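Student: The structure under discussion is supplied below as structure tokens; questions concerning it will follow.
The values are calculated or read from the model by the stated rules, or taken from the named source; none is laboratory data. Worth saying up front: this structure is predicted, and the values here are computed from it rather than measured. Don't worry about glycine lacking a Cβ; one is built from the backbone with ideal geometry, like all the others, and counts go over all protein chains shown.
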Number of protein chains: 2
Amino acid sequence: MAAYKDMSREELSALKQELEQEFKKVKSKKLKLDMSRGKPSAEQLNLSMGMMDVLRSDSDLICEEGVDCRNYGVLDGIREAKQLLADMMEVPKDNIIIFGNSSLNVMYDTISRAMTHGIMGSTPWAKLDKVKFLCPVPGYDRHFAITEHFEIEMINVPMTSEGPDMDLVEKLVAEDDAIKGIWCVPKYSNPQGITYSDETVHRFACLKPAAEDFRIYWDNAYGIHHLYEDKQDYLIEILMECKKAGNPDMVYKFSSTSKISFPGSGIAAIAASDANLAEIRKQMQVQTIGHDKVNQLRHARFFKDIHGMVEHMKKHADIMRPKFDAVLETLEEELEGLEIGSWIAPRGGYFISFDAMEGCAKAIVEKAKEAGLVMTGAGATFPYGKDPKDSNIRIAPSYPTLEELKEAVKIFVLSVKLVSIDKLLG
Amino acid sequence: MAAYKDMSREELSALKQELEQEFKKVKSKKLKLDMSRGKPSAEQLNLSMGMMDVLRSDSDLICEEGVDCRNYGVLDGIREAKQLLADMMEVPKDNIIIFGNSSLNVMYDTISRAMTHGIMGSTPWAKLDKVKFLCPVPGYDRHFAITEHFEIEMINVPMTSEGPDMDLVEKLVAEDDAIKGIWCVPKYSNPQGITYSDETVHRFACLKPAAEDFRIYWDNAYGIHHLYEDKQDYLIEILMECKKAGNPDMVYKFSSTSKISFPGSGIAAIAASDANLAEIRKQMQVQTIGHDKVNQLRHARFFKDIHGMVEHMKKHADIMRPKFDAVLETLEEELEGLEIGSWIAPRGGYFISFDAMEGCAKAIVEKAKEAGLVMTGAGATFPYGKDPKDSNIRIAPSYPTLEELKEAVKIFVLSVKLVSIDKLLG
């Protein structure tokens, strides 16, 4: 197909009329479709329903260390849950703490603790004039919301196909001791589905930050969330890489079972060096008597071990794969060659990232909404909700059914075309 | 029996020898007893095991607002859980937010939020030179640990039989705007089992604090934790009382089901004015996508309603009552009239507070430990772990079996006697 930019005004106008007819037709269906958030579908949730039967009124609820999981005790996670999540996060089980239901909450608390107490003896950030974070963009809106909430200045770092622009990251952290952290989703990144290359991870581990309390906030949310059995990304384990590079304390790793068992009813964890964990435990014993051990036990007994979890994720993949394929096929069929947008075909995770022509993203999301399709707000993938090019749109294919999704992508593609023509017609 | 102080040195010495023989005998049993924490016993935990069967793999997990509890969504609690905990906390269900498993965590987060963001527009506490809290003593060690963690200066306020000394509270909060809060366990208080009188609650509601961001931290942990059906304490509902007094925003109420269902696997809540809750929700949506709704649903369906919960608490009372009675009977039989200690017989809650002769508490706890009995550390009931009179000891009768408890109290009483004689002999 011809690129839109090479078409005459007359051709574009004619095409516009045609597409508007199509759009009218779809709009008249009064659909209600949602591709806005990375929510698992009901079908995926059903995969974990067996978990409801694992613990029964006649079950023994004693965990491996001999503690009754129904009562107080065990601050940082029962042994079997630690083993399971440590294997999932590819770290030794002594380098992990199990929390409640949400890794986002753990990240928030990690920043909040740094604000009030600093990190390993550093000045509490609340006492500093300026604290800054690096934010690879496009990225995860809820990360940016945390740093914005604490009035931490966010600096955009462009993503490349290998991860964040490391030349820039190295330069910035070395020269500015107000830079205290960087948000990373290193595998099947949100929203692009990019996995950081070996070199990128290695360069992260070798960073020489000016700030002693600089940490890499490594949110490995999609570590085992592959789409394909034969095409999988591999990510170097950052904790060990940092240790080898002589920077053992430089990283906090976060993960959870939110998109493995149940979002909101899973278990979350942090992995870090002994020194980092010792500090976290110290604060944790003031904050809580302990997290929900019954739910930890439920998870450990349901999945049994990491192999069980990996097998479970194949079932998720079987549900997700056709949805991603449907989106990608339609994008290719309908937009390939038109030069009005680009995207990356990810091998895992929850999102497809779409880059429209500059200045078109907001209008596309608006247009899609007219026809009943809710997308993630344009700009959401950037700090402060400001995409400087107004170009990036996050597509979340997981929640709708396959049938709904096909309708949704049609609306999306139509919206992209119509807005792009308007842009070209000026 | 004669008061020890009226006995001659010879009589005391003879008695001491006798008691030491007894102590030796108990010690030789090499018992391992624990009266240190307010932990429910296994028998109590068994009362809630039916909860494990409430949600099964074939259950419908849709809550009243039509949301699938297995997925993301519903930030501040599902409707049925709100209703249940609102009834438990005696507030309208619109004035409640449901959290995760621990009210202590909610209290910590409330203080932490005030540190970094202030309260309803006030200066963040972290930016102030000095922040102070009033601490009724004796009180709950984990409250004091939170304020100590944030370097908030704690000021002791003596408890009376009607609650904190309100003359002092009124005076202090009116004259010092650095005083930002007061920790309260208003019903069956920890450790004394005192319930604040109507007048005390009314005076709380009418406080005129110098600080606009002063709040009453009202930890109603034992609101329905009665020991007797025929002797129950009543507590005026503080939220309404504050509203009537024209101070609607002055109180945060906290509670949880920790000692109703399972400690560590229950659900917690905060109740407060609309304005307070709006601010909390604003921060909450940055901190988390939502708490564990499956567990909320499990609780709501198991208890059904507040009547179900009250009936459930009667079963707890049936287990707790004989334990409290056993401790109180032994204290009376063995110590009445000796003038070496005093205590209050509570009508609910988890503790009995014992006041030894001045300067004896630490030694008594040490002595008991010699014979294998672990008590709460002396001093724990005071800020910074410092009981100025070294007198108060918290007795937690819930966890041991009745048989163990009888042994434990014997050791305790022997330790009190021996240490008191040493004190009198000088």
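Student: Considering only region B:344-355, I want to know if a residue exists there that is within 17 Å of B:N190 (Cβ to Cβ) and more than 19 Å from the chain's Cα centre (by Cα). Working first, answer last.
Tutor: Step one: list which residues in region B:344-355 are within 17 Å of B:N190 (Cβ to Cβ), which gives B:344-355.
From what's left, more than 19 Å from the chain's Cα centre (by Cα): none.
There is no residue in region B:344-355 that is within 17 Å of B:N190 (Cβ to Cβ) and more than 19 Å from the chain's Cα centre (by Cα).
Student: Of the conditions (1) under 31 Å from the mean Cα position of the chain (by Cα); (2) within 13 Å of another protein chain (Cβ to nearest Cβ); (3) surrounded by 17 or more Cβ atoms within 10 Å (Cβ to Cβ), B:L75 satisfies every one except a single condition; which number is it?
Tutor: It fails just one condition, (3).
Student: A follow-up question, please. Within region B:311-361, how many residues are farther than 19 Å from B:V419 by Cβ and in a loop (DSSP other than H, G, I, E, B)?
Tutor: Residues that pass the stated criteria total 7.
Student: Next question, about the same structure. Looking at A:N105, is it within 14 Å of another protein chain (Cβ to nearest Cβ) and in contact with a helix residue (DSSP H, G or I) (Cβ under 7 Å, 6 or more places away or on another chain)? Write out each step before concluding.
Tutor: Working: within 14 Å of another protein chain (Cβ to nearest Cβ): yes; in contact with a helix residue (DSSP H, G or I) (Cβ under 7 Å, 6 or more places away or on another chain): yes.
Considered against the rule, which asks whether it is within 14 Å of another protein chain (Cβ to nearest Cβ) and in contact with a helix residue (DSSP H, G or I) (Cβ under 7 Å, 6 or more places away or on another chain), A:N105 comes out as yes.
Student: Moving on to the next point. Can you tell me which condition A:P383 does not meet? The list is (1) surrounded by fewer than 22 Cβ atoms within 10 Å (Cβ to Cβ); (2) within 30 Å of A:D233 (Cα to Cα), and all the others hold.
Tutor: That leaves (1) as the condition not met.
Student: When you look at A:G290, is it touching a Leu at 6+ places or on another chain (Cβ under 7 Å) and either on the phi > 0 side of the Ramachandran plot or at pLDDT below 95 (or both), yes or no? Break it down into steps so the answer makes sense when it comes.
Tutor: Values: touching a Leu at 6+ places or on another chain (Cβ under 7 Å): yes; either on the phi > 0 side of the Ramachandran plot or at pLDDT below 95 (or both): yes.
Yes: the conditions hold for A:G290.
Student: Give the residues of region B:108-135 that are under 20 Å from the mean Cα position of the chain (by Cα) and either more than 12 Å from chain A (Cβ to nearest Cβ) or polar (S, T, N, Q) (or both), sorted by residue number.
Tutor: Residues of region B:108-135 under 20 Å from the mean Cα position of the chain (by Cα): B:108-111, B:133-135.
Matches in region B:108-135: B:T110, B:F133, B:L134, B:C135.
Student: So, one more: For B:L55, only one of the following conditions fails: (1) away from chain A (no Cβ under 14 Å); (2) among the hydrophobic types (A, V, I, L, M, F, W, C); (3) surrounded by 15 or more Cβ atoms within 10 Å (Cβ to Cβ). What is its number?
Tutor: (1)
Student: Please list, ordered by first then second residue, the pairs with beta carbon atoms under 7 Å, 6 or more apart or interchain, first in region A:154-168 and under 19 Å from A:L235 (Cβ atoms), second small (G, A, S).
Tutor: A:E162/A:S197; A:G163/A:S197
Student: Looking at region B:35-47, can you tell me whether even one residue there is surrounded by 16 or more Cβ atoms within 10 Å (Cβ to Cβ) and touching a strand residue (DSSP E or B) at 6+ places or on another chain (Cβ under 6 Å)?
Tutor: Of region B:35-47, the ones surrounded by 16 or more Cβ atoms within 10 Å (Cβ to Cβ) are B:35-41, B:44-45, B:47.
Next, from what is left, pick out any that are touching a strand residue (DSSP E or B) at 6+ places or on another chain (Cβ under 6 Å): B:35-36.
Yes, region B:35-47 contains at least one residue that is surrounded by 16 or more Cβ atoms within 10 Å (Cβ to Cβ) and touching a strand residue (DSSP E or B) at 6+ places or on another chain (Cβ under 6 Å).
Student: Exactly one of (1) outside any loop (DSSP other than H, G, I, E, B); (2) closer than 14 Å to B:D213 by Cα is unmet by B:H143. Its number?
Tutor: (2)
Student: Restricting to region A:281-314, name every residue that is under 27 Å from B:V106 (Cα atoms) and more than 10 Å from chain B (Cβ to nearest Cβ). I'd like the intermediate steps shown before the answer.
Tutor: Here is the first cut: in region A:281-314, the residues under 27 Å from B:V106 (Cα atoms) are A:281-300.
Once the filter is applied, which keeps residues that are under 27 Å from B:V106 (Cα atoms) and more than 10 Å from chain B (Cβ to nearest Cβ), region A:281-314 yields A:R281, A:H299, A:A300.
Student: Given the conditions (1) in the same structural domain as A:T195 (by TED's automatic domain parsing); (2) farther than 29 Å from A:C206 by Cβ, and given that A:I319 satisfies all but one, which numbered condition is not satisfied?
Tutor: (1)
Student: Being within 20 Å of A:A126 (Cβ to Cβ) and of a type in the set (A, V, I, L, M) is the filter here; which residues of region B:146-181 pass it?
Tutor: Answer for region B:146-181, where residues must be within 20 Å of A:A126 (Cβ to Cβ) and of a type in the set (A, V, I, L, M): B:I146, B:I152, B:A178.
Student: Hey, another quick one. Among (1) away from chain A (no Cβ under 13 Å); (2) out of contact with any Pro (no Cβ under 8 Å at 6 or more places or on another chain); (3) in contact (Cβ under 8 Å) with a residue 12 or more places away in the chain, which single condition is B:A326 missing?
Tutor: B:A326 satisfies every listed condition except (2).
Student: Let me ask something else. Checking A:Q17 against (1) free of Cβ contacts under 8 Å to residues at least 24 places away in the same chain; (2) within 11 Å of another protein chain (Cβ to nearest Cβ); (3) in a helix (DSSP H, G or I): exactly one of these is not met. Which one?
Tutor: (2)
Student: Do the conditions hold for A:F302, that is, is it within 16 Å of A:S265 (Cα to Cα) and of a type in the set (F, W, Y)?
Tutor: So A:F302 fits the description; yes.
Student: A further question on this structure: Of all residues in region A:409-423 being within 26 Å of the chain's Cα centre (by Cα) and of a type outside the set (A, V, I, L, M), which is nearest to A:S353 (Cα to Cα)? Spell out the reasoning first.
Tutor: Let us first name the residues in region A:409-423 that are within 26 Å of the chain's Cα centre (by Cα), namely A:409-413, A:415-416.
Pick out the ones that are also of a type outside the set (A, V, I, L, M) and you get A:410, A:412, A:415.
Numbers: A:K410: 16, A:F412: 13, A:S415: 16 Å.
Selected residue: A:F412.
Student: Continuing with the same structure: How many of the residues making up region B:348-374 are of a type in the set (K, R) and surrounded by fewer than 19 Cβ atoms within 10 Å (Cβ to Cβ)?
Tutor: The first filter runs over region B:348-374 and keeps only residues of a type in the set (K, R), leaving B:362, B:367, B:369.
Among the residues that remain, those that are also surrounded by fewer than 19 Cβ atoms within 10 Å (Cβ to Cβ) are: B:362, B:369.
Total satisfying the criteria: 2.
Student: I've got another one for you. Could you identify the single residue in A:P400, A:P322 that is farther than 23 Å from A:K30 by Cβ and surrounded by fewer than 23 Cβ atoms within 10 Å (Cβ to Cβ)? Even if it seems obvious, please write down each step before you answer.
Tutor: Numbers: A:P400 fails: farther than 23 Å from A:K30 by Cβ.
Being farther than 23 Å from A:K30 by Cβ and surrounded by fewer than 23 Cβ atoms within 10 Å (Cβ to Cβ) holds for just one of A:P400, A:P322, which is A:P322.
Student: Based on this model, can you work out whether B:E170 counts as more than 27 Å from A:T288 (Cα to Cα), at pLDDT below 95 and in the same structural domain as B:N101 (by TED's automatic domain parsing)?
Tutor: Details: more than 27 Å from A:T288 (Cα to Cα): yes; at pLDDT below 95: no; in the same structural domain as B:N101 (by TED's automatic domain parsing): yes.
Taking the combined requirement at face value, the residue does not satisfy it.
Student: So if I check each of B:S41, B:S59, which one is farther than 30 Å from B:D422 by Cβ and free of Cβ contacts under 8 Å to residues at least 12 places away in the same chain? Working first, answer last.
Tutor: Details: B:S41 fails: free of Cβ contacts under 8 Å to residues at least 12 places away in the same chain.
None of the others qualify; the one that does is B:S59.
Student: So, in region B:66-84, how many residues would count as being in contact (Cβ under 8 Å) with a residue 12 or more places away in the chain, within 25 Å of A:D53 (Cα to Cα) and touching a Lys or Arg at 6+ places or on another chain (Cβ under 7 Å)?
Tutor: Residues that pass the stated criteria total 4.
Student: Being without any contact (Cβ under 8 Å) to a residue 40 or more places away in the chain and assigned to a loop (DSSP other than H, G, I, E, B): is that true of B:K389 here? Spell out how you get there, then give the answer.
Tutor: Details: without any contact (Cβ under 8 Å) to a residue 40 or more places away in the chain: yes; assigned to a loop (DSSP other than H, G, I, E, B): yes.
When the stated conditions are applied, B:K389 passes them.
Student: Go through (1) at the interface with chain A (Cβ under 10 Å from one of its Cβ atoms); (2) touching a residue at least 12 places away in the same chain (Cβ under 8 Å); (3) over 13 Å from B:S255 (Cβ atoms) one by one and return the number of the condition B:K93 breaks.
Tutor: Failed condition: (1).
Student: Is it the case that B:L19 is surrounded by fewer than 18 Cβ atoms within 10 Å (Cβ to Cβ) and either out of contact with any Phe, Trp or Tyr (no Cβ under 8 Å at 6 or more places or on another chain) or closer than 30 Å to B:K369 by Cα (or both)?
Tutor: On the way: surrounded by fewer than 18 Cβ atoms within 10 Å (Cβ to Cβ): yes; either out of contact with any Phe, Trp or Tyr (no Cβ under 8 Å at 6 or more places or on another chain) or closer than 30 Å to B:K369 by Cα (or both): yes.
Taking the combined requirement at face value, the residue satisfies it.
Student: Yes or no: region A:59-70 includes at least one residue that is hydroxyl-bearing (S, T, Y), under 28 Å from the mean Cα position of the chain (by Cα) and within 14 Å of chain B (Cβ to nearest Cβ). Steps first, please.
Tutor: As a first pass, look at region A:59-70 and keep what is hydroxyl-bearing (S, T, Y): A:59.
Then drop every residue that is not under 28 Å from the mean Cα position of the chain (by Cα), which leaves none.
There is no residue in region A:59-70 that is hydroxyl-bearing (S, T, Y), under 28 Å from the mean Cα position of the chain (by Cα) and within 14 Å of chain B (Cβ to nearest Cβ).
Student: Can you tell me which of (1) of a type outside the set (D, E); (2) farther than 30 Å from A:Y234 by Cα; (3) surrounded by fewer than 21 Cβ atoms within 10 Å (Cβ to Cβ) is the one A:S112 doesn't meet?
Tutor: Evaluating A:S112 over (1) of a type outside the set (D, E); (2) farther than 30 Å from A:Y234 by Cα; (3) surrounded by fewer than 21 Cβ atoms within 10 Å (Cβ to Cβ) leaves (3) as the failure.
Student: For the structure I just gave you, tell me whether A:I155 is more than 20 Å from A:A245 (Cβ to Cβ), assigned by TED's automatic domain parsing to the domain that holds A:N276, β-branched (V, I, T) and assigned to a strand (DSSP E or B).
Tutor: Here the answer is yes, as A:I155 does meet what is asked.
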